[in-house]
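Peer 1: Take this structure first; my questions come after.
Every number here is computed from the coordinates shown, using simple stated rules; none is lab data. Owing to the predicted nature of the structure, the values given are computational and were not obtained by experimental measurement. Please note: Cβ atoms are built from the backbone with ideal geometry, for glycine as well, and neighbour counts cover all protein chains shown.
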């Protein structure tokens, strides 16, 4: 709630407690310093490591984040640390105190959204997390408000800038995966341990979060398929290019005809007529298909201190105004659910005959050979890909969706396939 100065009636800036001062925390701090007219001032900053060098005087930092939770002088709290478990402990404690909190921790929100919803209901606090999904693109608030009452057929897109950067570099200069990843790390687009990004755990968290707003589906992230690009090769890039396509890591929240929905994240062959085709480097792109509004496409920077910090700032403004997510499509009694199954056509390289048999692959083309690889195309079930996900990774197999899907309980027909086309 804004306070008025007794002398000039100008609103006093809202006082912010910042937990974490890494890339996003520094980005937010810089934005607020450059734009004081936004009406926020960071008065306390809590960090974990007292010996780490930081770009502010040492006396600006403290080392007990719990102290910020109990400070009645702080109007708003921002959590931007990289430890999902500690983030949940801190955010949960803040919500139990009825605090207003913004977070950028997508892994924490995806893993604990049912508990976070319950804490908000029971104690009256507010949690916003626009910065947790697609950086600077305002996808959550737009879906939660603008599309609150309109049925959505699907939301899909490129939700991870690090893997998209690697794929762009492999295609542009013919470098292999290792070289492109090293460049992404040197540019600050990929972590020293790139697993969360390259193995698609990061976009999986974002898809799980969006599912609650798109179709009211609360999911355990472990139940959602995520396949990444750890084993992508130049042969795969050539395969796509020869067909006028590009490989992108695409996350999909898909509502199914007749009811139900499913969520999955895999590499996909994207054709030139898809808006995602032109999304390159560290950018993200989101496709929203509304029943009445038709297709919408949003593109923006998906990572970095300032782009993500801008999303945190948007949440601070919303919190100051008393805004909350509506979760209009979430049944109050909804339990954590399992996503529906689906038939997916895939291209698989470097998979043994036994592994293809285990996937019950129904070939749509014969096994073919590239000068550097052998691959097979066919339909398999989403549930089977999920079941054998770790086996595929251990075998060094690379899996790409073609974009064609079909229901697993009905025979394939041209009309149904058209309904299910997502790109």
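Peer 1: Looking only at 311, 211, 148, which one moves most when the chain is put into a Gaussian network model with springs between Cα atoms under 10 Å?
Peer 2: Highest fluctuation among the options: 148.
Peer 1: For Cα pairs less than 8 Å apart in space and 6+ apart in sequence, what is the mean separation divided by the residue count of segment 14-128, i.e. the relative contact order in percent?
Peer 2: 25
Peer 1: Please work out how much length the chain gains when fully extended from residue 289 to residue 321, using 0.36 nm per residue of separation minus the C-alpha to C-alpha distance, in nm with one decimal.
Peer 2: Separation in residues times 0.36 nm, less the Cα-Cα distance, equals 8.6 nm.
Peer 1: Can I ask one more? Could you tell me how far the Cα centroid of segment 175-197 sits from the Cα centroid of segment 282-313, in Å?
Peer 2: If you average the Cα positions of each part, the centres end up 22 Å apart.
Peer 1: Angle, helix 106-123 long axis vs. longest principal axis of the chain, Cα atoms, 0 to 90°, nearest 10?
Peer 2: 50
Peer 1: Ok, one more. Gaussian network model of the chain, Cα springs within a sub-10 Å range: biggest mean-square fluctuation belongs to which of 271, 339, 57?
Peer 2: Per the Cα network of the chain with a 10 Å cutoff, 57 tops the list.
Peer 1: At 7 Å along Cα-to-Cβ for each site, give me the label-to-label distance between residue 67 and residue 35 in nm.
Peer 2: 3.1
Peer 1: Using Rg/Rh (Cα atoms, Kirkwood Rh) as the read-out, say which of (1) 1.00; (2) 0.94; (3) 1.07 was calculated from these coordinates.
Peer 2: (1)
Peer 1: Any idea what the relative contact order of the chain is, in percent, if you count C-alpha pairs under 8 Å spaced at least 6 apart?
Peer 2: 17
Peer 1: Quick check: the angle from helix 201-215's long axis to the longest principal axis of the chain, C-alpha only, nearest 10 degrees?
Peer 2: Helix 201-215 sits at roughly 80 degrees to that axis.
Peer 1: Quick check: Cα centre of segment 40-83 to Cα centre of segment 225-241, how many Å?
Peer 2: 41
Peer 1: Let me ask something else. Considering only DSSP beta bridges where both residues belong to segment 14-128, give the percentage that are antiparallel (nearest 5).
Peer 2: Percent antiparallel among DSSP bridges in segment 14-128 is about 0.
Peer 1: Running a GNM on the chain with Cα contacts under 10 Å, which residue among 358, 84, 46 ends up with the highest mean-square fluctuation?
Peer 2: 358
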